[in-house]
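The values are calculated or read from the model by the stated rules, or taken from the named source; none is laboratory data. Computed from a prediction, not measured in an experiment: that's the story for all the values here. Using ideal geometry, Cβ is built from the backbone for each residue, glycine included, and neighbour counts are taken over all protein chains shown. All accessible areas refer to the heavy atoms of the entire protein, side chains included, with ligands and DNA or RNA removed. Shrake-Rupley method; radii C 1.70, N 1.55, O 1.52, S 1.80 Å.
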Amino acid sequence: MSRSIRKSLITLLILLLVGLGLRWWYQNLPLRKKQFIQNLIRQVPDLPARYMV
């Protein structure tokens, strides 16, 4: 039981560190690169349908 709690805490800590790292990286980007990423994220829902044959 304690092993699964420890494993889930480590996983949570790693995910938190990755999230904080991504936030720091995004905040330090120039404005044009932020706009590019925002436009790319906005297009993600359309990508599967766009490439269907």
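Here are a few things to note about the model shown:
- Cut-off 13 Å between beta-carbons: net charge of the residues surrounding Asn39, Lys and Arg +1, Asp and Glu -1: +3
- Solvent-accessible area, 1.4 Å probe, carbon plus sulfur percent, for the chain: 69
- In degrees, nearest ten, helix 2-27 long axis to first principal axis of the chain (Cα): 30
- The angle between the Cα long axis of helix 31-43 and the main principal axis of the chain comes to about 90°, on a 0 to 90 degree scale.
- A full extension of the chain between Ser2 and Gln43 corresponds to an added length of 10.5 nm, given 0.36 nm per residue minus the alpha carbon distance.
- Dipole of the chain, positive end: most advanced residue of Met52, Gly19, Ile41 [Cβ charges, Cα centre]: Gly19
- Across the chain the C-alpha pair distances fall into 10 Å bins from zero in the proportions 20, 26, 25, 22, 7 percent.
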